[in-house]
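Values quoted throughout were computed directly from the atomic coordinates according to the rules given, and no laboratory measurement underlies them. Nothing here was measured: the structure is a model prediction, and the numbers come from that model. For neighbour counting, all protein chains shown are included, and Cβ atoms are generated from backbone atoms with ideal geometry for every residue, glycine included.
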Amino acid sequence: MMEEFKPVRSIFEIPRKERLAPGHRACAGCGPMIAIRQILLVSPEEPIVVNATGCVEVATSVYPQTAWIVPWAHVAFENSAAVASGVEAAMKSLKRRGGIDKERPVIVFAGDGGTFDIGLQALSGALERGHKMLYVCYDNEAYMNTGIQRSSATPYGAWTTTSPFGKVWPGKRERKKDIISIVASHGVPYTATASIYHWKDLMTKVRKALSYDGPTFLHVYAPCNRGWRFDPSLTVEVARRAVETRFFPLYEVEEGKYRITVPVPKPRPLEDFLSIQGRFRHLLRPEYREALETLKKMVDDRWTWLERMATATSKS
């Protein structure tokens, strides 16, 4: 069942009640922190946050201080969805017994390593059981907290400390895992991609996700200037170009229906996105032309597939 929600049309609709304090230890221009602040601002009620180990946890909870103004639990890499399931079940029990009047939203924040890889089993279990929670993966496309190692969210051709480029390798040799399709296959009511540049699209999706009585999932593109090798002032611009080149499409899967929420009828050249990041810049050299063309084909094929899915499911 879905409650009514209001799409975000203007910044003036957003409450100015901060739920994440300034002065945390995140890097200047940190994409995940921008995403989390946007999400917490638009949550209609004070949520209970479950936070997997990662950059965000480390930067916001250096003992004896915390940046969290909402109830917050730090858990391991692998069990954030399981802990959130327990929080949600406990609130339901307390409400039945009269211990609380109403349940609060439960929001999980976990990086790509804690979602695509280490935490996938717990996430799958929580989705299958139908716990009411919003799981947010802030995707900076590598294990940034532990040294910029590749994850299954790292794109093809990207440099990391464990997928270097050289005479044999062009960077990472495997394609990025399609986490949205994995989540959607569980039959959840709502899952979507989002970007910190397209903040109205992101905030609208948060409101929609929280309006469902069941598990929902957001895959948020959150650039990391340290791991992606760009100037901190370019974080939002990098997120913008990812969408405008179709590298990171913005779409949703609602009740099994696909919809592209930010159409890109005339994409910018992919080079506009790759050239401002050190992790991809080698692909612009002549010796990596084949790898560049492979990546371009992956991007084009993905967009074509999304268009077909949107057309096919709209008729069902």
Practice prompt. Given the peptides 164-175, 125-136, arrange them by the average over their residues of other C-beta atoms within 10 Å, most packed first.
Written response: 125-136, 164-175
Discussion item. Output the 0 to 90 degree angle, nearest 10, between the alpha-carbon long axis of helix 289-314 and the longest principal axis computed from the alpha carbons of the chain.
Written reply: 40 degrees
Worksheet item: Which of LEU123, ILE276, LEU20 sits farthest toward the positive end of the charge dipole of segment 11-314, with +1 on the Cβ of Lys and Arg and -1 on the Cβ of Asp and Glu?
Response: ILE276
Practice prompt. For a footprinting-style exposure proxy, rank ASP272, ASP301, ASP139 by other Cβ within 10 Å, fewest first.
Written response: ASP301, ASP272, ASP139
Worksheet item: Given Cα pairs under 8 Å that are at least 6 residues apart, what percent is the relative contact order of segment 20-147?
Response: 29 percent
Practice prompt. Please state, to two decimals, what the Cα-based radius of gyration of segment 202-241 comes to when divided by 2.2 N^0.38 Å (N = residues).
Written response: 1.57
Fill in: Over segment 11-314, equivalent-ellipsoid semi-axes from the Cα gyration tensor in Å
32, 22, 18
Fill in: Sequence-separation-based contact order of segment 196-316, relative, with Cα cut under 8 Å and 6+ spacing, percent
22 percent
Worksheet item: What dipole magnitude, in Debye to the nearest 20, does the chain give about its Cα centre under +1 on Lys/Arg Cβ and -1 on Asp/Glu Cβ?
Response: 300 debye
Worksheet item: Which percentage, to the nearest 5, of the DSSP beta bridges contained in the chain is antiparallel?
Response: 30 percent
Response to the item:
Out of ILE276, ILE148, ILE100, a Gaussian network model of the chain with alpha-carbon springs under 10 Å gives the largest mean-square fluctuation to ILE100
Worksheet item: Helix 120-129 versus the longest principal axis of the chain: what angle, 0 to 90°, nearest 10, using Cα atoms?
Response: 40 degrees
Worksheet entry | segment 277-299-segment 135-152 distance, computed between alpha-carbon centres (Å) | 21 Å
Item to complete: Could you let me know the centre-to-centre spacing of segment 64-98 and segment 227-254, using Cα atoms, in angstrom?
Response: 30 Å
Practice prompt. Please get the size of the charge dipole for segment 244-314, origin at its Cα centre, with Cβ charges of +1 on Lys and Arg and -1 on Asp and Glu, quoted in debye to the nearest 20.
Written response: 160 debye
Fill in: Gaussian network model of the chain, springs between alpha carbon atoms under 10 Å - residue of PRO223, PRO286, PRO189 with greatest fluctuation
PRO286
Worksheet entry | Helix-only CD estimate at 222 nm, as mean residue ellipticity for the chain, using -39500 (n - 2.57) per DSSP H run (n ≥ 4) | -10500 deg cm²/dmol
Practice prompt. Would you work out the relative contact order for segment 11-314, in percent, from Cα pairs under 8 angstrom that are 6 or more residues apart?
Written response: 16 percent
Practice prompt. For the chain, set up a Gaussian network in which alpha carbons nearer than 10 Å are linked by springs, and say which option among LYS102, LYS205, LYS176 fluctuates the most.
Written response: LYS102
Discussion item. Compute the helix-to-body angle for 235-244: its Cα long axis versus the longest principal axis of the chain, expressed 0 to 90° and rounded to tens.
Written reply: 70 degrees
Item to complete: Assign one of three labels to segment 1-57, namely rounded, prolate or oblate, based on the Cα gyration tensor with a ≥ b ≥ c the square roots of its eigenvalues; rounded applies when a/c is under 1.5, prolate when it is not and a/b is larger than b/c, and oblate otherwise.
Response: prolate
Practice prompt. Rounded, prolate or oblate: pick one for segment 204-316, where a ≥ b ≥ c are the square roots of the eigenvalues of its C-alpha gyration tensor, a/c under 1.5 means rounded, and failing that, prolate if a/b is larger than b/c, else oblate.
Written response: oblate
Worksheet entry | Greater than 21 Å apart at Cα, pairs in LYS177/LYS297; LYS6/LYS176; LYS266/LYS315; LYS176/LYS296 | LYS6/LYS176; LYS266/LYS315
Worksheet item: So which GluC sites (Glu not before Pro) in segment 213-316 are both in a DSSP loop and have at most 12 other Cβ atoms within 10 Å of their Cβ?
Response: GLU255
